[in-house]
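Each value in this text was obtained by applying a stated rule to the coordinates, not by laboratory testing. Here the structure is a predicted model, which is why all the values come from computation and not from measurement. Here the Cβ is made from the backbone with ideal geometry for all residues, glycine too, and neighbour counts use every protein chain on show.
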Amino acid sequence: LKKECVDVKKMTTLLSLRVVRGTTKTTSKLSCDNNNINRKIRCGFAMTIQKKKKKKMEEGKRNGVFCVTTTKMMTMMMDKRLVVVTRAHNNNTNNNNKEEEEEQQMLLYKFWEDSERLAILGLWFSLLAVATFVAPKTVGSFDADLIAQLVSSPFQGQVNPLFEALFNSLGVVPMVYACLLVPGGGEKQPKLQPKFFVGASFALGFFALGPYLIARTPVINGVKKSDLGFITKNILESKINALLLTAFSGFLYFWAFSHVFDAAVVSEFVTLLTKQSTLACVSTCDLIVLSLVMKTAIQEDLQRRSSSLSSSASSDVNPLFYLLPVLGPSLYLLTRPELEE
């Protein structure tokens with residue numbers, strides 16, 4: 001019996017162990033299965049969350065790109081509108097400035113408020129008084145014969161050399177004034193055109209040029225070489241023209257100084273001025289007055305060209321250019337700076 005009981009106990013222990021092992025295996029299998037299911041569920045949930053996040057990110061990017069593009073478009077539109085508005089504003093300001101300049105140009109210069117212009121006016125009346133009351137009265141056709149000799153046989157000694165140099169200087173000085181004044185004329189001087197006064201000055205001298213020098217409006221800004229006419233650009237602004245004027249002026253100085261030490265020539269010139277010829281007296285006074293008022297024209301012309309000067313260069317006029325009659329202004333034309341293109 002004891003043996004059988006022992007066997008039975010062994011059998012029960014073995015069966016219990018098998019049952020326990022089976023349950024542990026089944027529990028372990030179930031736990032593994034549960035863990036796998038939980039992992040799958042978690043992975044699926046995570047995948048769905050990641051997909052949703054990706055969708056949201058893509059939608060956010062799309063919305064962001066759309067917002068950026070819309071903001072860029074809006075800024076572009078605003079910039080274009082601002083550019084259009086600024087251009088319109090600039091055009092309006094330019095038009096207003098042009099209108100103001102045109103209105104100012106249409107008005108005559110207030111020369112009575114300028115002491116320098118009043119001095120020129122006084123010189124003009126003085127020259128008129130000399131021609132009317134002081135100059136000797138010509139007898140017969142003396143002046144006409146004198147002009148015929150000057151034209152037919154120039155620098156041949158038939159006319160007094162001093163007066164011949166002076167008379168030919170009255171052809172150089174109006175040409176110099178043309179080079180100084182005409183670039184500042186045209187549309188800049190709607191009331192007074194310098195070409196008419198300068199053209200008349202070749203025959204009448206300061207009598208024709210004086211009123212323009214008195215009443216003209218100073219033109220300093222806005223003159224460019226490209227705006228000039230053909231003759232002004234290619235002749236009056238040409239250095240070749242200035243060189244020819246300088247060479248001829250130098251020759252007139254040589255012709256005059258080569259005879260100035262001859263007492264007979266000097267006395268003949270004095271009698272010609274004081275007793276014989278109205279033309280000689282008035283021409284001499286005319287050249288003196290034209291040389292005296294040359295500084296204002298040179299100063300204005302240099303200021304008109306001062307923008308093309310370097311910063312170290314001075315815009316002051318060299319006194320040699322206006323103190324040396326005839327030759328000095330010609331030298332200025334030869335050395336003056338060019339206008340802006």
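With a point put 7 Å past each Cα toward its Cβ, work out how far LYS191 is from LEU323 in nm, to one decimal.
3.6
Of the listed pairs LYS110/LYS225; LYS195/LYS233; LYS191/LYS224; LYS110/LYS233, which have alpha-carbon separations greater than 23 Å here?
LYS110/LYS225; LYS110/LYS233
Each residue of the range 247-252 in turn: what ³J(HN,Hα) in whole Hz from Karplus with 6.51, -1.76, 1.60 and θ = phi - 60°, glycine and Pro shown as x?
5, 5, 5, x, 5, 5
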